[in-house]
Amino acid sequence: MKDFAGKVAVVTGGASGIGRSLVKELLAAGAKVVIADVEQGALDKVVAEFDGAGQVSGVVTDVSDPASVHALADAVYDAHGVCHLLFNNAGVAAPSANVWETTVNDWKWVHGVNVHGVIHGIQAFVPRMIAGGEEGHVINTSSGDGGISPLPYQSVYASSKAAVSTISECLAAQLQSEGTQLGASVFYPSGGLLDTGIWTTDRNRPQDLAREKPYDPVPTVEDFKVAAEAAGMQLEFQDLDELARFCLQGILDKRFVIMIRVEEAEATLQERAARIGRAELPIDQAEIPQL
């Protein structure tokens with residue numbers, strides 16, 4: 001794929017955060033974009049915001065529901081007859097907790113969106129993309145937390161993102177070995193702290209998957225800013241539009257791993273491999289923060 005002009009792109013979780021920036025940069029690159037998001041109000045707002053910037057539409061989609069994702073695929077193919085770029089980007093997070101203090105619904109909700117959502121996207125779109133015979137690419141949003149090295153108190157989220165990384169690796173190898181015109185990449189949002197909706201995902205948590213026991217309020221990004229300033233620290237934030245442009249360039253460059261300062265991940269993984277080779281816990285106990 002040499003450019004995105006005229007290509008049809010689908011972005012899940014596209015109404016805010018990284019998804020919104022991907023939509024913005026795809027439109028700027030000449031793509032036709034279908035935004036999928038579970039929030040009707042936010043979806044309507046972002047479609048209206050980008051009206052005039054290019055061909056853009058929205059479809060309310062719950063990625064944890066396979067029927068909803070298949071309905072999204074139907075809508076895309078009915079409108080455009082093709083999908084060239086699938087961004088499985090929607091994601092949520094649960095509160096930090098010891099594994100034994102997490103709840104069944106924490107796992108059902110987070111893995112339902114983060115893991116099953118990616119699987120549902122692949123199963124609804126990839127067979128049609130292969131059958132179409134055109135160049136295409138699947139981009140799955142993972143995280144360095146789990147995809148590279150887990151934060152120990154984020155077991156629910158980190159394990160979901162580790163799964164996304166593994167799924168992406170298998171998918172890319174299979175698409176290549178089957179001789180398709182498709183490729184796949186794993187996208188690690190990176191470069192600094194990210195001011196996205198992941199900090200407030202409880203707003204979209206279904207009532208039937210509500211947490212079974214109370215927990216302290218989840219810190220917001222503003223809480224982190226205040227705490228950092230009080231400690232005399234300067235937080236490094238990554239511009240989301242710049243991150244989206246980096247992701248799109250990674251696709252054109254045919255990178256499997258799309259990550260800013262990926263060499264830092266290499267050093268982390270080498271140290272983890274060394275610890276595994278010594279039959280040790282890969283996580284450095286001295287680096288484990290306390291709740």
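Checking the range 256-272 against the condition returns a match, with at least one residue being part of a helix (DSSP H, G or I), in contact with a Ser or Thr (Cβ under 8 Å, 6 or more places away or on another chain) and among the basic types (Lys, Arg).
Residues that are under 24 Å from residue 25 (Cα atoms), of a type in the set (Ser, Thr, Tyr) and in contact (Cβ under 8 Å) with a residue 24 or more places away in the chain: does the range 87-98 have at least one?
no
Can you confirm whether the range 125-143 contains a residue that is without any contact (Cβ under 8 Å) to a residue 24 or more places away in the chain and either surrounded by fewer than 22 Cβ atoms within 10 Å (Cβ to Cβ) or within 20 Å of the chain's Cα centre (by Cα) (or both)? For the range 125-143, residues without any contact (Cβ under 8 Å) to a residue 24 or more places away in the chain and either surrounded by fewer than 22 Cβ atoms within 10 Å (Cβ to Cβ) or within 20 Å of the chain's Cα centre (by Cα) (or both): present. Might you let me know whether the range 96-118 holds any residue that is surrounded by fewer than 21 Cβ atoms within 10 Å (Cβ to Cβ), at pLDDT below 95 and within 21 Å of the chain's Cα centre (by Cα)? Within the range 96-118, one or more residues are surrounded by fewer than 21 Cβ atoms within 10 Å (Cβ to Cβ), at pLDDT below 95 and within 21 Å of the chain's Cα centre (by Cα). Of the residues making up the range 207-226, those that are surrounded by 14 or more Cβ atoms within 10 Å (Cβ to Cβ) and at pLDDT 80 or above number 2. Residue under question is residue 158, and the condition is that it be surrounded by fewer than 20 Cβ atoms within 10 Å (Cβ to Cβ), aliphatic (A, V, I, L, M) and either in contact with a strand residue (DSSP E or B) (Cβ under 6 Å, 6 or more places away or on another chain) or touching a residue at least 12 places away in the same chain (Cβ under 8 Å) (or both); does it hold? Judged against the criteria, residue 158 is not a match. Each residue in the range 181-203 was checked for being among the polar types (S, T, N, Q) and surrounded by fewer than 17 Cβ atoms within 10 Å (Cβ to Cβ), and 2 of them qualify.
Among the residues making up the range 1-46, those that are farther than 22 Å from residue 185 by Cβ and surrounded by fewer than 19 Cβ atoms within 10 Å (Cβ to Cβ) are 39, 40, 41, 44, 45.
The values are calculated or read from the model by the stated rules, or taken from the named source; none is laboratory data. Quantities reported herein were computed from a predicted structural model and do not represent experimental measurements. Because the Cβ atoms are built from the backbone with ideal geometry, glycine has one as well, and the counts that use them run over all protein chains shown.
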